[in-house]
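The values are calculated or read from the model by the stated rules, or taken from the named source; none is laboratory data. Keep in mind the model is a prediction, meaning the values are calculated, not measured. No Cβ is skipped: glycine too gets one built from the backbone with ideal geometry, and neighbour counts run over all protein chains shown. We work out accessible area using only protein heavy atoms, side chains counted, and drop any ligands, DNA or RNA first. Shrake-Rupley method; radii C 1.70, N 1.55, O 1.52, S 1.80 Å.
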Amino acid sequence: MSLTRLKGGTLYDPANGVNGERRDLYMRDGRLVDAEPGASIDQDFDATGMIVMAGGIDLHSHIGGGKTNLSRLLLPEDHRGSGAGPGEESANRRYLQLPSCGVCTPGTLATGYRYAEMGYTAAFEPAMMPSNARHTHLEMGDTPIIDHGAYVMLGNDELFLQLLAERDSFERLRDYVGWTMHASKALGVKVVNPGGISAFKFNQRSLNVDEQHVHYGITPREVLHALSRALTELRVPHPLHVHASNLGVPGNIDSTIATMDAADGLPIHLTHIQFHSYGVEGPRKFSSGARTIADAVNARPNVSIDVGQIIFGQTVTASGDTMMQFKNAPLGTPKKWIVGDIECDAGCGIVPFRYREQSYVNALQWIIGLEIFLLIDDPWRVSMTTDHPNGGPFTSYPHLIRLLMDKGFRDEQIAKLNPEAQVASALPELKREFSLYDIAIITRAGPARLLGLKDRGHLGAGAAADIAVYRDEADKERMFTSPAYVFKNGQLVARDGTLVATPTGGIHYVSPDFDHGIEKTLRAYSAKNLVGNPVHTAISDDEICSCCRGGRLLPVACLSAGT
Ligand SMILES: [Zn+2]
Ligand SMILES: [Zn+2]
């Protein structure tokens with residue numbers, strides 16, 4: 001019941017229209033509260049001259065589930081010498097933190113530690129397979145401090161494609177989507193290469209938006225339309241989360257725009273859009289489509305995106321897009337890869353990769369990501385991601401923030417790139433520099449709004465006291481690397497980039513309304529195909545709570561009728 005005051009900070013709280021105002025904040029019982037005149041302050045923190053924002057929210061980061069774990073197994077070298085040898089630990093670290101390491105494939109513990117040290121208080125796994133949901137929640141539950149949640153993968157599973165191909169009852173399909181979200185305790189639905197992961201199993205090597213799946217006769221456009229309609233009718237706040245067709249293919253801008261339009265004006269979120277913004281101009285037949293894509297997003301208010309910025313250096317690509325990962329396997333650095341599948345539920349492909357400044361293609365990918373950030377007008381529809389670890393590890397966010405805020409720094413980096421890519425770029429002409437207010441939108445307020453998290457991502461009374469306090473420094477990379485204070489539910493968890501507490505994070509999910517009669521269809525499907533009974537995969541409230549080490553259940557309200 002004690003009252004904590006954070007004194008004298010300058011607030012950037014876009015959800016409440018607060019742009020750089022000096023204000024004290026008060027916290028009680030893990031929540032922000034209004035000032036209570038005359039109340040005695042139990043604990044005081046001095047934030048004079050510092051920048052105060054809500055805790056960061058990463059809406060697309062691969063932090064749990066089969067492919068995250070397989071990536072860790074595939075890359076033991078990422079865990080050697082990445083700083084958790086007991087000998088090099090300070091006493092504080094030794095007693096507070098358990099050993100955990102890794103950069104592009106951090107362990108569950110290191111994931112929570114590194115996010116919290118940077119001022120992030122929530123991250124969301126975008127690719128949970130329904131049959132593997134328990135495992136995904138167990139891994140996220142093992143990730144300390146930060147809140148978490150996941151989007152369940154649909155649209156390449158046999159039952160969905162069968163129901164869609166039958167074309168008789170949209171209601172059954174919608175109830176199946178609702179049931180899957182309910183059973184897997186999901187916060188959203190993600191579709192990866194709609195229909196394409198399944199088509200790959202029938203030996204198709206690509207599937208364009210209006211191309212037919214050879215077995216089911218359906219098209220990606222139909223998958224996208226059915227899923228976005230189902231989520232709208234189920235009143236799920238987060239729009240359909242889409243990894244579009246033709247990832248990484250030169251000339252994919254056309255299919256990316258066709259993907260936006262497949263939603264027919266319903267809300268749709270295109271993830272890691274950088275990988276879907278490629279043209280075919282120039283001598284290398286690979287060019288930036290950022291302007292075309294940004295114009296398309298600017299013209300379609302139903303579309304939101306996250307970028308999937310690439311960062312130079314070693315990483316690993318871990319994707320549900322088996323079709324594309326099979327194609328990418330020969331590019332693996334180091335040379336090893338995995339593709340896999342569980343019960344025809346979706347797919348999975350892991351290929352280690354090193355992005356190089358002197359590679360024309362990689363340099364242009366880096367340029368395209370930044371162009372997209374700078375060319376989309378409405379920051380509320382743009383979330384900052386590297387598609388961790390696919391474009392680069394999430395620990396590079398402070399570097400990315402500096403690239404967006406500091407044109408001089410950006411120009412220095414451009415000068416290091418492959419010369420042909422520099423010439424092919426419009427980036428030097430883009431003078432925009434993000435303000436702290438813009439950064440607060442793309443890293444917390446915007447993602448919270450897109451996910452329907454009403455009490456996160458802002459600093460108003462009633463919000464969770466998830467707060468990051470940064471020293472105002474000219475070098476924005478340094479500033480965002482080591483916040484002076486990070487609070488999680490009102491508890492100080494990090495000070496000057498060093499952890500001081502490791503509480504358990506909560507889990508965000510939705511419980512949409514649907515007709516439970518759909519379980520008859522599920523039982524019939526499992527009996528006929530001799531697969532595990534999907535009804536047995538359903539996770540109860542008690543179970544999710546124990547999966548998440550007693551972390552708080554944070555159900556997200558569905559939208560009310562008429563919104
Ligand atoms: Zn993806
Ligand atoms: Zn991803």
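So for the pair residue 34, residue 501, with labels modelled 7 Å out along Cα→Cβ, what separation do we get in nm?
Reported label-point gap for residue 34 and residue 501 is 2.6 nm.
Kindly report the accessible area of the stretch 100-196 per residue (heavy atoms of protein chains, probe 1.4 Å, no ligands, DNA or RNA), in Å².
18 Å²
Specify, per residue and in Å³, the volume enclosed by the convex hull of the alpha carbon atoms belonging to the stretch 1-47.
For the stretch 1-47, the hull spanned by Cα atoms encloses 77 Å³ per residue.
List the lysines whose alpha-carbon lies under 23 Å from that of residue 335, not counting same-chain residues fewer than 8 positions away?
Qualifying lysines at Cα under 23 Å: 67, 327.
P(r) for the stretch 305-347: what percent of alpha-carbon pairs falls in each 5 Å bin, starting at zero?
P(r) for the stretch 305-347, in whole percents per bin: 5, 17, 25, 23, 18, 10, 2, 0.
So what is the accessible area of the stretch 1-53 per residue, in Å², with the probe set to 1.4 Å? Provide the component values of the computation, followed by the final result.
Numbers: 2670 Å² over 53 residues.
Using a 1.4 Å probe on heavy atoms only, each residue of the stretch 1-53 averages 50 Å².
With θ taken as phi - 60° and the coefficients 6.51, -1.76 and 1.60, list the Karplus ³J(HN,Hα) couplings across the stretch 359-365 in order, rounded to whole Hz; mark glycine and proline as x.
7, 4, 5, 5, 4, 5, 4
Binning every alpha carbon pair distance of the chain at 10 Å from zero, what are the percents per bin?
It works out to 4, 19, 30, 28, 15, 5, 1, 0, in whole percents.
With a 1.4 Å probe and every protein chain kept in, tell me what percent of the accessible surface of the chain is carbon plus sulfur.
52 percent
Express in nm, to one decimal, how much length is gained between residue 561 and residue 529 on full extension, taking 0.36 nm for each residue of separation and deducting their alpha carbon distance.
7.7 nm
Please calculate how many Å² of accessible area the stretch 231-297 carries per residue, with a 1.4 Å probe and no DNA, RNA or ligand atoms counted.
31 Å²
Determine the calculated [θ] at 222 nm for the chain from helices alone, applying -39500 (n - 2.57) to every DSSP H run no shorter than 4 residues and normalising by the residue count; nearest 500 deg cm²/dmol.
Per the formula, -9000 deg cm²/dmol.
Show the residues, 5+ positions off or on another chain, whose built amide H is closer than 5 Å to the amide H of residue 147.
Excluding prolines and chain starts, which carry no amide H, the hits are 122, 123, 506.
Take every DSSP beta bridge whose two residues both sit in the stretch 225-350, then give the antiparallel share in percent to the nearest 5. List each step's numbers first, then the result.
Working: 7 of 13 bridges.
About 55 percent, rounded to the nearest 5.
At a Förster distance of 25 Å, what's the computed FRET efficiency of residue 19 paired with residue 48, Cβ-Cβ distance as r, to 0.05?
0.85
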